[in-house]
Amino acid sequence: MTRRSEWSEDDAKRIIAAHAREGLFVVLTALNDAFGYLPKDAIGLVARALNLSRAEVHGVATFYHDFRENAPGRHVLKLCGAEACQSMGAETLAAQVTRELGIGFGETTPDEAITLERVYCLGLCACAPAALLDETPHARLDSNAISALIAGARE
Amino acid sequence: MKRRVFVSRDACAIAVGANRVAAAIGEAASRAALDVEIVRTGSRGLYWLEPLVEVATRAGRVAYGPIAPGDVPGLFACGFLDGGRHLRAVGPTDSIPWLKRQTRLTFARCGITDPLSLDDYRAHAGTKGLSRALTLGSEEIVKEVARSGLRGRGGAGFPTGIKWNTAAEAGGDIKYVVCNADEGDSGTFADRMLMEGDPFLLIEGMTIAGLAIGATKGVIYCRSEYPHAIATMKAAIARAGDANLLGARIAGSQYNFDIEVVSGAGSYVCGEETALLESVEGKRGQVRAKPPLPAHAGLFGKPTVVNNVLTFAAAAWVLAEGADEYRALGYGRSRGTMPIQLAGNLKYPGLFETPFGVTLGELIDDVAGGTASGRAVRAVQAGGPLGAYFPRALFDTPYDYEAFTAKDGLIGHGGLVGFDDTVDMARQARFAMEFCALESCGKCTPCRLGSVRGMEVIDRIVQGENRAANATLLKELCETLKFGSLCALGGFTPYPVMSALNHFPEDFGLAREAVEV
């Protein structure tokens, strides 16, 4: 499981101060890494600290797929949907995963165990289909392997 | 006697169990009180054999693969530490035909050395290019790279020597060397493999570029989907700094050079060089209009060389071994070697570095051995999500920038993705438009809106609504995208769409004559 903390304004301020000199993108990355998402409150805090408008911060925060608007589950499963994985049955696998989890891409299971995300290429194309569970890569996935992966994450 | 066993630490090898295999070998060795050192190398790129286990014997390295943790007791029982016979034995690694057929210049060390050992790097000809560059000076380095015929390996194929010369001649005290490691194309993994398997080579190549253009600061922009590559590069940079290969007065010279790793945040378009520069500056990754060229006004408005990982790596080889050696290989105006990435539904997928000129058919049928599913190869997508789908009829096309362009395709970053005869090409065409819509930075209209309209038009064709008229509309829309977009995302999305339509009209419910111009 990825170590993420609950949103806290004080922690956020500390993180912003630590990275302020490295610029907006690095600050947002650090906050997203620490909390797993960028809550609305974070936008205002960053804007004030970096002397930017909220619109500027919002613009960058919403441009990048990695920056989430909502808190993710305890685990994030990124399933690859790009061409190399498609050629090895990624769509069938995606249908199975959404069925088993009962959620769509970009959503979190009600028990907050898993957030399912679409990713386009993990560079594991020679062993497709592939997925990233938190920071651990998994490849040559089939129906059984993905079920086991989901079950492991739910424990 | 200490025995050395080699298991890859490459992300793709880990994804199929390399860490568990290495742990099982370690445990079995300690249980049997054997003195075994497990060296975690990069990958050889023979991915269908991963997790690959190699053992150093008197006769060189002997390979076993693919190995599951459960195979480990059997390996010990058969005496694999002495190269013993086993069901999964593939013989001396250097004699594996797939590897033997290659000409490995850029990937010469990958899979052989410990990626984070500078001693290993030096023992295998590492830093030779930098040493020579330090004696040559800026002008001669640029000349050497220009003479090698090296072209940008990111996809555009722009002559590297000309780019470096432009940045070298640009005025100003502050200049930057930026490495594009935002390898977003599906079916490509060479940058990742090199950063994880031979990171000092990228550091060396970027340092040489710094000397060439007079820059003291380098940035590697690596996609966030590559956590292993980012960690390996950061560790290698720290070690290079400790060994004075980076920092002030590098290698005892008068030059300073430092490298910083910047992680992306999941945007495909940031692989476009100007969007990448915007992102490094902390902004939305929106494409800039050119001119000005980055070589004149790039990062923070300063003269900047932006090259792909493989370009810097090849440049280091050119400096080490000489431009003539490099340009002696190749085909037409494509000189040297290309690390071709065989991926998707192929029997023997992996990294195959070879001089330009090999035909697509040789790569797919002979090297990759056809599909993994055992069915017929129907199409090959060359060059990532913006590359054309090639039917078997075009398999005689030589691997060369110009030859692929002549067939309305591109070699791009060197990826080839195989599809068997179950593929629905209309669906692939729709996906190309969908991907463009999803990843468009939104700056130019043809890309932002054209991609969405493209999805709708393809849907109408597939549903049988005015098929011929909508096919004509799709062609016109693709022309608009091709000529009206600011960058390759909108500009090249027509390649997969039009190639699918032209070569596989039956999948759109169209007769072949209906689409022929």
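Residues of A:126-134, mean number of Cβ from any other protein chain within 10 Å of their own Cβ, rounded to a whole number? It would help to have the intermediate numbers written out before the result.
Details: counts 21, 12, 9, 1, 4, 1, 4, 0, 1.
Average neighbour count from other chains, rounded to a whole number: 6.
The fewest-to-most ranking of A:Y64, B:Y495 by surrounding Cβ atoms within 10 Å reads A:Y64, B:Y495.
Rounded to whole numbers, the Karplus 3J(HN,Hα) couplings from phi for region B:381-389 are 8, 9, x, x, x, 9, x, 6, 8 Hz, using 6.51 cos²θ - 1.76 cosθ + 1.60 with θ = phi - 60°, and x at Gly and Pro.
A Cα-only calculation for region B:182-254 places Rg and Dmax at 13.1, 42 Å. Summing Cβ point charges (Lys, Arg +1; Asp, Glu -1) relative to the Cα centre of the protein assembly as shown gives a dipole of roughly 900 debye.
Taking Lys and Arg as +1 and Asp and Glu as -1, the other residues whose beta-carbon sits under 10 Å from that of B:R132 total -2.
Per 0.36 nm of contour for each residue apart, how much would the distance between B:Q254 and B:A469 grow if the chain were fully extended, relative to their Cα-Cα spacing? Please list the in-between numbers first.
Numbers: separation 215, 0.36 × 215 = 77.40 nm, distance 6.67 nm.
Once the chain is fully extended between B:Q254 and B:A469, it gains 70.7 nm.
Positive end of the dipole of region B:3-100 (Cβ unit charges, origin at the Cα centre): among B:V55, B:A18, B:G74, the Cα lying farthest that way belongs to B:V55.
Exposure proxy shown here: for B:S267, A:S53, the number of other Cβ atoms within 10 Å sets the order, fewest to most, as A:S53, B:S267.
Within 14 Å, Cβ to Cβ, of B:G74, how many net charges do the neighbouring residues add up to if Lys/Arg are +1 and Asp/Glu are -1? Working shown, then result.
Numbers: positive: B:R85, B:R88; negative: B:D71.
With Lys, Arg at +1 and Asp, Glu at -1, the neighbours total +1.
In this simple spin-label approximation, B:T135 and B:I162 carry label points 7 Å from Cα along the Cα→Cβ vector, and these lie 3.2 nm apart. Under the convention that each Lys and Arg Cβ holds +1 and each Asp and Glu Cβ holds -1, the size of the dipole of region A:6-136 around its Cα centre is about 320 debye. Using the Cβ of B:G172 as centre and a radius below 14 Å, the other residues enclosed give a net charge of +1, where K and R count +1 and D and E count -1.
For B:F390, the amide hydrogen comes within under 5 Å of the amide hydrogens of B:V380, B:Q381, B:A382, counting only partners 5 or more places away or on other chains and with H modelled in the peptide plane.
Within 10 Å of each Cβ in B:278-286, how many Cβ atoms from other chains are there, averaged over the peptide? Spell out each step's value before the answer.
Values: counts 3, 4, 2, 3, 11, 7, 9, 4, 2.
Mean inter-chain Cβ contacts per residue within 10 Å come to 5.
Inter-label distance, A:R118 to B:A125: 4.5 nm, where each label sits 7 Å from its Cα along the C-beta direction.
Taking only the Cα atoms of region B:330-420, the radius of gyration and Dmax are 11.7, 36 Å. Positive end of the dipole of the protein assembly as shown, charges at C-beta (+1 Lys, Arg; -1 Asp, Glu), about the Cα centre: which of B:G42, B:G149, A:A126 has its Cα farthest in that direction? Going by the Cα projections, it comes out as B:G149.
Charged side chains reduced to their Cβ positions (Lys and Arg at +1, Asp and Glu at -1) give chain B a dipole of some 580 debye around its Cα centre. Shown here is the pair-distance distribution of chain B: with all Cα-Cα distances grouped in 10 Å bins from zero up to the longest one, the shares run 4, 19, 27, 26, 16, 7, 1, 0 percent. Just so you know, the averaged projected area of the alpha carbon convex hull for region B:342-494 sits at 9.2 nm². Ranked by how many other Cβ atoms sit within 10 Å of their own Cβ, fewest first, the residues A:D33, B:D420 fall in the order A:D33, B:D420.
Between B:D421 and B:A406, what length in nm is gained on full extension when 0.36 nm per residue of separation is reduced by their alpha carbon distance?
Working: separation 15, 0.36 × 15 = 5.40 nm, distance 2.54 nm.
My answer for the length gained is 2.9 nm.
Per residue of A:61-71, other chain Cβ atoms within 10 Å of the residue Cβ number 4 on average. Need the C-alpha centroid separation for region B:79-123 versus region A:77-155, integer Å. Their Cα centres are 32 Å away from one another. Please give the residues of region B:350-369, grouped as numeric ranges, whose backbone N is less than 16 Å from a label point set 7 Å along the Cα-to-Cβ vector of B:D396. In region B:350-369, the label zone of B:D396 (backbone N under 16 Å from the point 7 Å along Cα→Cβ) covers B:358-363.
Using every Cα-Cα pair within the protein assembly as shown, state what percent have a distance larger than 41 Å. Value for the protein assembly as shown (Cα pairs over 41 Å): 26 percent. When the C-alpha to C-alpha distance is required to be over 26 Å, the pairs from B:K100/B:K234; B:K175/B:K283; B:K302/B:K407; B:K163/B:K482; A:K40/B:K283; A:K40/B:K290 that qualify are B:K100/B:K234; B:K302/B:K407; A:K40/B:K290.
Read-outs throughout are calculated quantities, based only on the coordinates presented, and are distinct from any laboratory measurement. From a predicted model like this one, the values you see are computed outputs, not experimental measurements. Virtual Cβ from ideal backbone geometry, glycine too; neighbours counted across all protein chains shown.
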